[in-house]
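> After the structure tokens below, expect a handful of questions from me.
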Amino acid sequence: MIGIFDSGIGGLTVAKAIMNSLPSYDIVYMGDTARTPYGTKSAATIAEYSLQVSDFLFNIGAKIIVIACNTASSAAYTQVCENFGVPVFEPIEPAVDLALKNSRKKQIGVIGTRATVKSGVYEKMIMKKNGRSRIHSAACPLLVPIVEEGWLNRPETTMIIKKYLHPLKTRQIDSLILGCTHFPILKKIIQRKMGKRVYLVDSSLAIAEKIKSFLEDHPDVDEQISKTGSTRFMVSDLTDRFEQSARTILKRRILLEHADL
Ligand code: DGL
């Protein structure tokens, strides 16, 4: 099966895209809800948690690991690749490719958690691919608990987004990377605040496409992945709130299982 993880609910945006593009592939989603958010923690702690969740997925049979979390990818991508010997996918490179493709002026905005922004992972990747780019980043830590709480249509949410985006609005960016898998859930409000001319980069579809084409090119990996269409959603702390929010994102009822890491 394909193992997918995030600190909480945000990675479901990636799981949804993978389920749509590879409907027969078995997937297990693990949300580390007992320890969310990751984005306010140190890189060492985020790496430790990410390795534990990857280890959990690997031990229950993941043949591919998808880090559906920018924060975990920024702190632990290399370590996850080195430790488990299975293909590992992450959201940062697909987002950068999409941003560069859709940005005419190469004035690119990045919003993410504090840990992702502090790591500079987006700046490094963008500059590696196009040295003439200008990058403007902003940490938006409050948006993670807002999404986890399901405060999607509250006036307070709109006000907080407006405040976070203000510095980016003055920078004439033409594409904005939603550098946290929780943020596509707030895409409509972000788009309204940034204006129609700014292209919003949500890497979930691009990750799913990348996995699909990887599997077409690597039949040896593909044949190891079970394909009964089974989907399991696990969390390290089971709450009613998560169940409700997960249903809103996936637009279907799901059975949540508790798993100890
Ligand atoms: N969804 C995660 C990301 O993409 C992080 C949220 C968090 O735990 O802070 O960065």
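The values are calculated or read from the model by the stated rules, or taken from the named source; none is laboratory data. Being a predicted model, the structure only gives us computed values, none of them experimental. We place every Cβ from the backbone using ideal geometry, glycine too, and count neighbours over all the protein chains shown. The protein model used for the area step is the full one, side chains on, heavy atoms only, and it has no ligands, DNA or RNA in it. Shrake-Rupley method; radii C 1.70, N 1.55, O 1.52, S 1.80 Å.
> Which of the numbered conditions does Asn70 fail, given that it passes all the others? Conditions: (1) open to solvent by 10 Å² or more (accessible area, probe 1.4 Å); (2) in contact with a Pro (Cβ under 6 Å, 6 or more places away or on another chain).
For Asn70, the failing item is (1).
> Looking at (1) in contact (Cβ under 8 Å) with a residue 60 or more places away in the chain; (2) open to solvent by 40 Å² or more (accessible area, probe 1.4 Å); (3) within 28 Å of Ile2 (Cβ to Cβ), find the lone condition where Cys81 falls short.
The one condition Cys81 does not meet is (1).
> Here's something else I'd like to know. Exactly one condition in (1) within 16 Å of the ligand (Cβ to nearest atom); (2) polar (S, T, N, Q); (3) open to solvent by 70 Å² or more (accessible area, probe 1.4 Å) is not met by Thr239; state its number.
(3)
> Determine which single condition His182 fails, assuming it passes every other condition in (1) modelled with pLDDT under 95; (2) within 16 Å of the ligand (Cβ to nearest atom); (3) surrounded by fewer than 19 Cβ atoms within 10 Å (Cβ to Cβ).
So His182 meets the others, but not (3).
> Identify all residues within the range 89-114 that are within 16 Å of the ligand (Cβ to nearest atom) and open to solvent by 30 Å² or more (accessible area, probe 1.4 Å); write none if there are none.
Listed by number, the residues that qualify are Glu93, Leu98, Arg114.
> Under 17 Å from the mean Cα position of the chain (by Cα) and not basic (Lys, Arg), is that true of Thr45? Let's see the steps before the verdict.
On the way: under 17 Å from the mean Cα position of the chain (by Cα): no; not basic (Lys, Arg): yes.
Considered against the rule, which asks whether it is under 17 Å from the mean Cα position of the chain (by Cα) and not basic (Lys, Arg), Thr45 comes out as no.
> If you take the residues of the range 197-227 that are small (Gly, Ala, Ser) and touching a residue at least 12 places away in the same chain (Cβ under 8 Å), which of them is surrounded by the most Cβ atoms within 10 Å (Cβ to Cβ)?
Narrowing the range 197-227 to residues small (Gly, Ala, Ser): 203-204, 206, 208, 213, 226.
Adding the requirement that they be touching a residue at least 12 places away in the same chain (Cβ under 8 Å) leaves 203-204, 206, 208, 226.
Numbers: Ser203: 28, Ser204: 24, Ala206: 20, Ala208: 22, Ser226: 14.
Applying the filter and picking the extreme gives Ser203.
> Can you tell me which of (1) surrounded by fewer than 21 Cβ atoms within 10 Å (Cβ to Cβ); (2) closer than 19 Å to Cys180 by Cα; (3) in contact (Cβ under 8 Å) with a residue 60 or more places away in the chain; (4) touching a helix residue (DSSP H, G or I) at 6+ places or on another chain (Cβ under 7 Å) is the one Ala17 doesn't meet?
Answer for Ala17: the failing condition is (1).
> Can you find a residue in the range 140-155 that is modelled with pLDDT of 95 or more and either in contact with an Asp or Glu (Cβ under 6 Å, 6 or more places away or on another chain) or small (Gly, Ala, Ser) (or both)?
No.
> Considering only residues that are touching a strand residue (DSSP E or B) at 6+ places or on another chain (Cβ under 7 Å) and within 21 Å of Pro37 (Cα to Cα), which ones fall in the range 131-168?
Step one: of the range 131-168, the residues touching a strand residue (DSSP E or B) at 6+ places or on another chain (Cβ under 7 Å) are 133-140, 164, 167-168.
If the condition is that a residue be touching a strand residue (DSSP E or B) at 6+ places or on another chain (Cβ under 7 Å) and within 21 Å of Pro37 (Cα to Cα), then Ser137, Ala138, Ala139, Cys140, Tyr164 are the ones that fit.
> Hey, could you check the range 185-196 for residues that are open to solvent by 20 Å² or more (accessible area, probe 1.4 Å) and under 11 Å from Leu152 (Cα atoms) and say which is farthest from the chain's Cα centre (by Cα)?
Lys188
> So if I check each of Arg171, Arg134, which one is away from the ligand (no atom under 16 Å from the Cβ) and in contact with a His (Cβ under 9 Å, 6 or more places away or on another chain)?
Arg171
> Restricting the first residue to the range 35-53 and requiring it to be touching a residue at least 12 places away in the same chain (Cβ under 8 Å), which pairs with a second residue that is surrounded by fewer than 24 Cβ atoms within 10 Å (Cβ to Cβ) and small (Gly, Ala, Ser) meet a Cβ separation below 9 Å and a spacing of at least six or different chains?
Once the first residue is touching a residue at least 12 places away in the same chain (Cβ under 8 Å) and sits in the range 35-53, its partners that are surrounded by fewer than 24 Cβ atoms within 10 Å (Cβ to Cβ) and small (Gly, Ala, Ser) give Arg35/Ser236; Thr36/Ser236; Gly39/Ala139; Ala43/Ser119; Val53/Ser236.
> When you go through (1) of a type in the set (Lys, Arg); (2) under 23 Å from Ala47 (Cα atoms); (3) away from the ligand (no atom under 16 Å from the Cβ) one by one for Lys163, which number turns out not to apply?
(2)
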